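Comments concern the structure below.
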Amino acid sequence: MGIVAGMKNFREPSVIPGFGITLGITLTYLGLIVLIPLSGLFITTAGVSFAEFWKTVTSARVLSAYRISFGASLAAAFINVFFGLIVTWVLVRYKFPGKRIMDAMVDLPFALPTAVAGIALTALYAPQGWIGRYFEPLGVKIAFTPLGITIALVFIGLPFVVRTVQPVLEDMNREYEEAAVSLGATRWQTFYYVILPELTPALMTGFAMALARALGEYGSVIFIAGNMPGVSEIIPLIIITKLEQYDYTGATSIAVVMLLASFLMLFAINLLQAWSRRRRDE
Amino acid sequence: MNNISTKRKSPIAGPPWFRFVLIGTSVVFITALIGLPVAAVFAEAFRKGFSAYADSLQAEYAVAAIRLTLIVAAVAVPLNLVFGVIASWAITKFEFYGKQLLITLIDLPFSVSPVISGLIYVLLFGANSIFGEWLHDNDVQIVFAVPGLIIATIFVTFPFVARELIPLMQEQGTEEEEAAILLGASGWQLFFRVTLPNIKWGLLYGVLLCNARAMGEFGAVSVVSGHIKGETNTIPLHVEILYNEYNFVAAFAVASILTLLALITLLLKTLLESRFSSPTNRH
């Protein structure tokens, strides 16, 4: 046992076997599949001069793609927080026929392949589509515009908000809202001052997760976007285009910018979740 | 309106019209956003009748795409299943330094754009890449071939099983395992007789999600595929090609297979959840 204690002073002793082998396999597999390949991205970029890197990631076409990607993703995340909150509220607090089906449907964007979602949404929102045809006479084009991109991203992001807020709302102690009402608060006051603050960390986490997913999303967007440079071309598509032209350094440079953005989002999400956990423990 | 009522009388559930407006908004929103696209897939697939639908699925390249997707999933899912169980064991049965970082790293593929997930393997194994020359000399092709598709799929589905198991096993703690060891169980007996029965539903759910994503992944495999008809096109890539060729009926027909897979996955998930919340699992 002396060896065990000496070797593993970075962990608490346990009678359960298999620590060394399971952690070893985990780290090896993680390294081979995720960490080494990802670091290859940074190694490749290190071979590019900074001037060239900067020129690639700030070219006019790339800058407008950032604007479209961030703009549509932010808009979609806000829409998801608004409707996601209503959907979650209805799922947790009310009983109505078809509730189980609606609850299951919320997960569909997780399970449905993005390419399938992409062509289905395009079929709906194209000028002759089931929904698009009603907007066409009004002069509103949905498919092949940033509006179409936003709808695809709302589709992709909704489950993140609902599934993050749902457990928090389910666990919420109703005594506070009962107390608020019995002390004379109106329904809106109770919602705004008692319930909403409790839900804020979860809503922000859901917002950040939906935003992070939307920024990198490719399959569901490219069909509905129309992909016109400067108008409806998203960042992931620019990476693909550069790869198809064998411009590997260009593709890698933009990928590094995106990857750093997603690491920042991941960091923010982790902070928000820690905050959310603390709030729930209190 | 009788069957619209609150679970427990909540003071702010509001009058019936208020509940009706909120429920109505949700139903309309979910139906329009999520229900209609699913209906559209089947409507477009059957637009020219059942025989056109059946023909689309029996076309040579469609069959090849289905076969390739099954092969990719058959390799990627079991590997990630084994990894997921091993990683969850290491993380939940022991206390060690850096655990939170390890969990974050396992979740990392979720935060990476699918396009980048494919790109990293092109940089690693493609022509002019880090290992490219060696692979070329030894006549091994990874990128634009089946191995590349498999590796990219493993990357994107990497966290699914572990992510389902870690919270579940954390909640279950280690007392049962410790008792079994003290009673003389071996490591394997411990896993198959004590741990596995406790986690089987969560494990099954994780595998379902992992499989759905493995068969449906688009962005990452699109980058490493090379789009060689009949050779490196999985079902989603074949859908894209058919769609871009304006062969809409065939595109939606092939897409309907994946839609069915998604619907079955959700159905099983809903059934599993009612298992999860059986009295034995809820405290």
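If we count other beta carbons within 10 Å of each Cβ, what is the order of A:L30, B:L68, fewest first?
A:L30, B:L68
Would you report the distance distribution of C-alpha pairs in the range A:107-227 as whole percents per 10 angstrom bin, up to the bin with the largest distance?
13, 31, 23, 19, 12, 1
Evaluate the charge dipole of the range B:170-283 about its Cα centre and quote only its size in Debye, nearest 20, assuming +1 on the Cβ of each Lys and Arg and -1 on the Cβ of each Asp and Glu.
Around 280 debye, computed over the range B:170-283.
Other chains near B:253-264: what is the mean number of their Cβ atoms within 10 Å of each residue's Cβ?
For this peptide, the per-residue mean of nearby foreign Cβ atoms is 4.
Select from chain B the helices, each a whole stretch of DSSP H, whose alpha-carbon atoms run 24 Å or more along the helix axis and whose Kyte-Doolittle mean is at least 0.5; answer none if there are none.
Details: long enough: B:60-93 (49 Å, 1.58); B:196-216 (29 Å, 0.73); B:248-276 (40 Å, 1.84).
What comes out of the filter, once short or polar helices are dropped, is B:60-93, B:196-216, B:248-276.
May I ask for log10 I(q)/I(0) of the range B:49-276 at q = 0.07, 0.08, 0.11, 0.12 Å⁻¹, from a Debye sum over the Cα atoms as equal point scatterers with solvent left out?
Listed by q, the Debye log ratios stand at -0.29, -0.37, -0.66, -0.76.
Taking Cα atoms of the range A:215-257, Rg/Rh with Kirkwood Rh, to two decimals?
My calculation of the ratio gives 0.96.
Could you order the peptides A:201-210, A:61-70 from most to least packed, using the average number of other C-beta atoms within 10 Å per residue?
Details: A:201-210: 24.1, A:61-70: 17.9.
Packing proxy ranking, top to bottom: A:201-210, A:61-70.
Which residue, chosen from A:V81, A:L108, A:I119, occupies the Cα position most advanced towards the positive end of the dipole of the range A:29-131, where the dipole is computed from +1 (Lys, Arg) and -1 (Asp, Glu) charges on Cβ about the Cα centre?
Projecting each Cα onto the dipole axis, the largest value belongs to A:V81.
Provide, for q = 0.05, 0.08 Å⁻¹, the log10 of I(q)/I(0) from a solvent-free Debye sum over equal Cα point scatterers in the protein assembly as shown.
After summing over all Cα pairs, the log10 values are -0.22, -0.58.
Using the scaling law 2.2 N^0.38 Å as the reference, what is the normalised Cα Rg of chain A?
1.25
For a quick protection proxy, order the peptides A:127-140, A:249-262, A:109-122 by their average other-Cβ count within 10 Å, most packed first.
Values: A:127-140: 13.1, A:249-262: 21.6, A:109-122: 26.4.
For the peptides A:127-140, A:249-262, A:109-122, the packing ranking is A:109-122, A:249-262, A:127-140.
Farthest toward the dipole's positive end in chain B, which of B:A65, B:L209, B:V115, given Cβ charges of +1 (Lys, Arg) and -1 (Asp, Glu) about the Cα centre?
Result: B:L209.
Computed over the Cα atoms, what is the radius of gyration of the range A:161-282 divided by 2.2 N^0.38 Å, N being its residue count?
Rg over 2.2 N^0.38 Å, computed on Cα atoms: 1.52.
With +1 on each Lys and Arg Cβ and -1 on each Asp and Glu Cβ, and nothing else charged, work out how big the dipole of the protein assembly as shown is about its Cα centre, in Debye to the nearest 20. List each step's numbers first, then the result.
Working: 37 positive and 36 negative charges, 299 e Å.
With only Lys, Arg, Asp and Glu charged at Cβ, the dipole is about 1440 debye.
Any idea what % of Cα-Cα pairs in the range B:39-91 are farther than 13 Å?
Of all Cα-Cα pairs in the range B:39-91, 71 percent lie more than 13 Å apart.
Sorted by packing (mean other beta-carbon atoms within 10 Å per residue), highest first, where do A:268-281, B:111-124, B:30-43, B:205-218 land?
For the peptides A:268-281, B:111-124, B:30-43, B:205-218, the packing ranking is B:111-124, B:205-218, B:30-43, A:268-281.
May I ask you to evaluate 6.51 cos²θ - 1.76 cosθ + 1.60, the Karplus curve with θ = phi - 60°, for each residue of the range A:13-30 and list the ³J(HN,Hα) values in order in whole Hz, giving x for glycine and proline?
x, 8, 7, 6, x, x, 5, x, 5, 5, 5, x, 5, 4, 5, 5, 4, 4
Using a basic spin-label model with each label point 7 Å from the Cα along Cα→Cβ, how many nm lie between A:T28 and A:F135?
Result: 5.2 nm between the two label points.
Can you grab the distance from the C-alpha centre of the range A:164-241 to the C-alpha centre of the range A:73-130, Å, no decimals?
Rounded to whole Å, the Cα centres lie 13 Å apart.
Using a simple charge model, +1 on the beta-carbon of Lys and Arg, -1 on the beta-carbon of Asp and Glu, nothing else, what dipole does the range B:75-175 show about its Cα centre, in debye to the nearest 20?
Working: 3 positive and 8 negative charges, 30 e Å.
The dipole magnitude comes to about 140 debye.
Here, each number is a calculation from the coordinates, and none is a lab measurement. On a predicted model such as this, the values are computed, not experimentally measured, just so you know. All Cβ positions, glycine included, derive from the backbone under ideal geometry; neighbour counts span all protein chains shown.
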